[in-house]
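Asks: Let me begin by handing over the structure; questions about it come next.
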Amino acid sequence: MNPIPVSRTVAAFIVSLVLLQCGSTHKLPAETASANAAPDAPEQPSVRANDALAQPVKYDGAQLWRIAYDDQPKKNAVAELQDRFDASMWNYNATSVDIFVRGQQLKKAECFLRAANIPYEVVIEDMQRAIDTENPSLEETELWENRNGHRMTWTAYHRLADIYDWMDYLAQTYPDLCSTKAIGKSVQGRELKVLRISNGNPSNRAIWMDGGIHAREWISPATVTYIANELVEDWDNQPDHLRNVDWYVLPVHNPDGYEHSHQYDRLWRKNRGGLQYGPCAGVDLNRNYGYKWGGQGTSKQPCSEIFAGSGPFSEPESKAVSEFMQSSAADWKGFLTFHSYGQYILYPWGYDRVVPPDHADLKRVGDAAAEQMLQASGGSRYTVGPSGSTLYPAAGGSDDWARGALNIKYAYTVELRDTGRYGFVLPANQIKPTGDEAVAFVDIIAQEVAKL
């Protein structure tokens, strides 16, 4: 027998009693979460975009929780955590949600879940400790650094200057193969630097690769630079399907946010624009692309982590990529954007739970890549599917734009390691195995591009 439905008014009253018991009564009850909607991102603290005034953020006592997301009471509880306890949704799929809870709110949030009879698992017990141990010490890094004209090691997460110096090193060392180009500047005036790898064959197809569109996803720039380094340093031994491609590599799509995450706030996500929007800084660049901009999975609230900006391509970082790719003479056949985390290979569409006409082919190629990645890693499984259905709808993404606006057949988003044990704070010793998986993925895509 089905239970008697509880009215929204009664449900709100019950929630209010639970919150009163846990000492949180400062807001009206949140609306019931839709059974088909991803939990919304919370408001961020009011932070001006002037980094000179910023103070380093500490996350002592903060935790990452995993909550099943398989019935309405649990979905309601997740909505309440975000609305009342400053919790953030880190990762989400059809069965569970990873929720980040700040230390100041931990006891009240625990009380709320216990009173609501919602079980949860503590995935990361102390976020600041995880952050402090994620990267090797400066002394260790200096011991491991290459002495070949650059500081990149892929045993540590490096700052933007190291990444750009390495790109210049490749261009200087392999001038017949590599070149760099600044395709624009960020909000704070940093270059968006692209590395081109090409043997000069005029019949080459072109593949775009980028990383670091979300600042806190450090494994992404590390992996993209790893792929490029493997390509170049072993170029003479690469198969033809890799050599007969013009590779365009943007390791750090969001340089301001990336530097901010190193200097001030390890968990910062957006770019550093936004003074025109009021007290909250930043736009989610992966909601700012022009295809289906402003649709599902986006926010018009500047303090939201999924704020889409004031309009399509309102941000210089996304606009620079759009203008460069559209004006380029390159024969674009692949668009590969690397994120974390969750271990997914995702293809369009992301703006809704729909797929393009050739979705079976995109699934076939994704499955082949996932199998090769599994063999490369000896155990890491990647889930393959359309973004909007496999995860949740999110409009204004770069991969949807590449497919919808540029008609690039093989447009994929790869969510790299891991599945939640470390989340965004993936230890640096995971860079090389993650990079090996990504190299295997790129190899399969290049094989398919060669057939076009």
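The values are calculated or read from the model by the stated rules, or taken from the named source; none is laboratory data. This structure is a prediction, so every number in the text was calculated from the model and none was measured. Virtual Cβ from ideal backbone geometry, glycine too; neighbours counted across all protein chains shown. Ligands, DNA and RNA are stripped out before the accessible areas are found, and what is left, the full protein with its side chains, is counted by its heavy atoms. Shrake-Rupley method; radii C 1.70, N 1.55, O 1.52, S 1.80 Å.
Asks: Out of the range 362-401, which residues are more than 17 Å from the chain's Cα centre (by Cα) and of a type in the set (A, V, I, L, M, F, W, C)?
Replies: LEU362, VAL365, ALA368, ALA369, ALA370, MET373, LEU374, ALA376
Asks: Does any residue of the range 258-273 turn out to be over 29 Å from PHE100 (Cα atoms), modelled with pLDDT of 95 or more and assigned to a helix (DSSP H, G or I)?
Replies: Within the range 258-273, none of the residues are over 29 Å from PHE100 (Cα atoms), modelled with pLDDT of 95 or more and assigned to a helix (DSSP H, G or I).
Asks: Given the criterion of a type outside the set (S, T, N, Q), on the phi > 0 side of the Ramachandran plot and within 17 Å of the chain's Cα centre (by Cα), identify the matching residue among GLY282, GLY294.
Replies: So the residue among GLY282, GLY294 that is of a type outside the set (S, T, N, Q), on the phi > 0 side of the Ramachandran plot and within 17 Å of the chain's Cα centre (by Cα) is GLY282.
Asks: I would also like to ask the following. If you take the residues of the range 297-321 that are within 18 Å of the chain's Cα centre (by Cα) and of a type in the set (S, T, N, Q), which of them is surrounded by the most Cβ atoms within 10 Å (Cβ to Cβ)?
Replies: Restricting to residues being within 18 Å of the chain's Cα centre (by Cα) and of a type in the set (S, T, N, Q), the top hit is SER318.
Asks: Among the residues of the range 304-328, what is the count of those that are in a loop (DSSP other than H, G, I, E, B), free of Cβ contacts under 8 Å to residues at least 40 places away in the same chain and touching a Ser or Thr at 6+ places or on another chain (Cβ under 9 Å)?
Replies: 2
Listed here are the residues, each with its yes/no results for (1) open to solvent by 30 Å² or more (accessible area, probe 1.4 Å); (2) within 27 Å of PRO393 (Cβ to Cβ); (3) modelled with pLDDT of 95 or more; (4) assigned to a helix (DSSP H, G or I).
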| site | (1), (2), (3), (4) |
| --- | --- |
| TYR59 | no, no, yes, no |
| ILE99 | no, yes, yes, no |
| VAL123 | no, yes, yes, no |
| ALA130 | no, no, yes, yes |
| ASN148 | yes, no, no, no |
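Asks: Being assigned to a helix (DSSP H, G or I) and open to solvent by less than 10 Å² (accessible area, probe 1.4 Å) is the filter here, so list the residues in the range 412-439 that pass it.
Replies: Across the range 412-439, the qualifying residues are ALA428, ILE431, THR434, GLY435, GLU437, ALA438.
Asks: If a residue has to be open to solvent by 70 Å² or more (accessible area, probe 1.4 Å), touching a Lys or Arg at 6+ places or on another chain (Cβ under 9 Å) and farther than 18 Å from LEU250 by Cα to count, how many in the range 187-203 make the cut?
Replies: Here the count works out to 0.
Asks: Something else: For residues that are over 18 Å from SER186 (Cα atoms) and in contact with a strand residue (DSSP E or B) (Cβ under 7 Å, 6 or more places away or on another chain), tally how many sit in the range 272-304.
Replies: Qualifying residue count, the range 272-304: 4.
Asks: Further, regarding this structure: Among the numbered conditions (1) at pLDDT below 95; (2) outside any loop (DSSP other than H, G, I, E, B), tell me where GLY379 comes up short.
Replies: (2)
Asks: Determine if the range 188-195 includes at least one residue that is in a loop (DSSP other than H, G, I, E, B) and on the phi < 0 side of the Ramachandran plot.
Replies: Among the residues of the range 188-195, at least one is in a loop (DSSP other than H, G, I, E, B) and on the phi < 0 side of the Ramachandran plot, which makes the answer yes.
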